[in-house]
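Enquirer: Dropping the structure in here first, questions after.
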Amino acid sequence: MVAISLLASCSPPPELIGIDNPDTPVASVPDVRKHKVFIATTRQASEVVGALYSSRRAPELGLASVDVSIPPTHKTGELKRPRRLPPDPRKEFAIVEPSIYASDSAFIASINRELAKRPPKDRDILFFVHGFNNTASDALLRVGQFVEDTGFTGVPVLFTWASAGKTTRYVYDLNSALVARPKLIEAGRLLTRTNSNGFDIFAHSMGTFLTMEAILDQAQSGGLGSTGRLKAVILASPDIDIDLFQTQMAQIGHDRTRFYVLLSRDDAALRVSRRLAGGVPRVGASDEEFLSRLGVTAIDLSEIGDSASGSHSKYAGSPEVVQLIGQGLANDPGYGHTPGTQLDEILGQTPIRVVFD
């Protein structure tokens, strides 16, 4: 009985996309907040209740949207996920109203309708790329929480690639990220066809590896920033070989000033990744001074200890960090783009160190 209890306690949380509570629907809860999140994915569709998408790789880009509901009891930096179904939207996150788009034009039109609901100054897109060991539900919940806690006022778009959602499938995830590279570029091109003012790219963990490979491809073809709407590329806890990153940044060239790296020397997940990589340091746990010499802005979160989601996801789990990012995203033309001005004011007395060349 003890063994069974331990196995149950370690079982993954349920998938919950499209599962509303019949007794307490999301729409019936006073003060619940909802964020429409658009989805571009390289996952195959799933018939499993609550999954929507599986961990299998799809040959074509899938397009969808959902509403992520935020409970009235939500606290900044926390993600209250249901351990069993249906979710209770009064105190737990939920993912409802899934919609599948049959064409690029339908997807773009729906994003444009969302943009049109906002004042002109808020018509930006946040393009979010998740990391290792994420199901579609995992990624959507995190995007919803991140948008809520940063106060982002534009339209969020999630790129969810075919992660297995298991800690034992690191190599599968790494190859899935590589397989997804051309589709990430395709999704980015779709966003340039919307009516957005501009867009920021926010990538986490192994998703930063995928993002950098796609950006490097665009930089070499002359397509990076060609529309003038790319504002910032924020890499949180990058799971990238430090030598590879140095080569990537050298090839990207003059566009490096728009890159921001969130790092933490106490990142437990990147310590494991470093061992798997034969001892080569990962960018997200490296030296901020070295990174700044590559032309990026390095933001050291090592002294932050209040993350509800652990050392690898301080960008979302620490109230002060997630609010800092929110203020940065709202700072036109980009996140701390002009050294010594608004960024210093945002930091205040927080134990966060920012280093730029």
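Enquirer: Out of all DSSP beta bridges in the chain, what portion is antiparallel? Express it as a percent rounded to 5.
Expert: About 40 percent, rounded to the nearest 5.
Enquirer: For the stretch 89-154, with every protein chain kept in place, what is the accessible area per residue (1.4 Å probe, Å²)?
Expert: Accessible area per residue: 37 Å².
Enquirer: Debye sum, Cα scatterers, the chain, no solvent: what log₁₀ I/I(0) at q = 0.07, 0.10, 0.15 1/Å?
Expert: So the normalised log intensities are -0.27, -0.58, -1.42.
Enquirer: Taking 8 Å as the Cα distance limit and 6 or more residues as the minimum spacing, I'd like the relative contact order of the chain as a percentage.
Expert: Contact order relative to length: 14 percent.
Enquirer: Enumerate the amide H contacts of residue 128 below 5 Å, restricted to partners 5 or more residues apart or on another chain; note that Pro and chain-start residues carry no placed amide H.
Expert: 157, 158, 159, 202
Enquirer: Suppose only helical runs count, i.e. DSSP H with n ≥ 4. What mean residue ellipticity at 222 nm does that imply for the chain under -39500 (n - 2.57) per run, divided by all residues and rounded to the nearest 500 deg cm²/dmol?
Expert: Roughly -10000 deg cm²/dmol at 222 nm, from the helical runs in the chain.
Enquirer: Sequence gap at least 6, Cα distance under 8 Å: using those rules, report the relative contact order of the stretch 18-172 to the nearest whole percent.
Expert: 29 percent
Enquirer: Another question about this same structure. With a 1.4 Å probe and every protein chain left in place, work out the accessible area per residue of the stretch 191-293 in Å², rounded to a whole number.
Expert: 37 Å²
Enquirer: Tell me, what % of the accessible area of the chain is carbon and sulfur with a 1.4 angstrom probe?
Expert: Summing carbon and sulfur atoms, their accessible area is 51 percent of the total for the chain.
Enquirer: Any lysines with Cα under 16 Å of the residue 117 Cα? List them, leaving off those in the same chain fewer than 8 positions away.
Expert: The qualifying lysines are 34, 36.
Enquirer: For residue 53, list long-range residues whose amide hydrogen, built 1.01 Å from N in the peptide plane, is under 5 Å from its own amide hydrogen.
Expert: 46
The values are calculated or read from the model by the stated rules, or taken from the named source; none is laboratory data. Remember, it's a predicted structure, so these values are computed and weren't measured experimentally. Side chains are part of the model used for accessible areas, which takes the heavy atoms of the whole protein and leaves out ligands, DNA and RNA. Shrake-Rupley method; radii C 1.70, N 1.55, O 1.52, S 1.80 Å.
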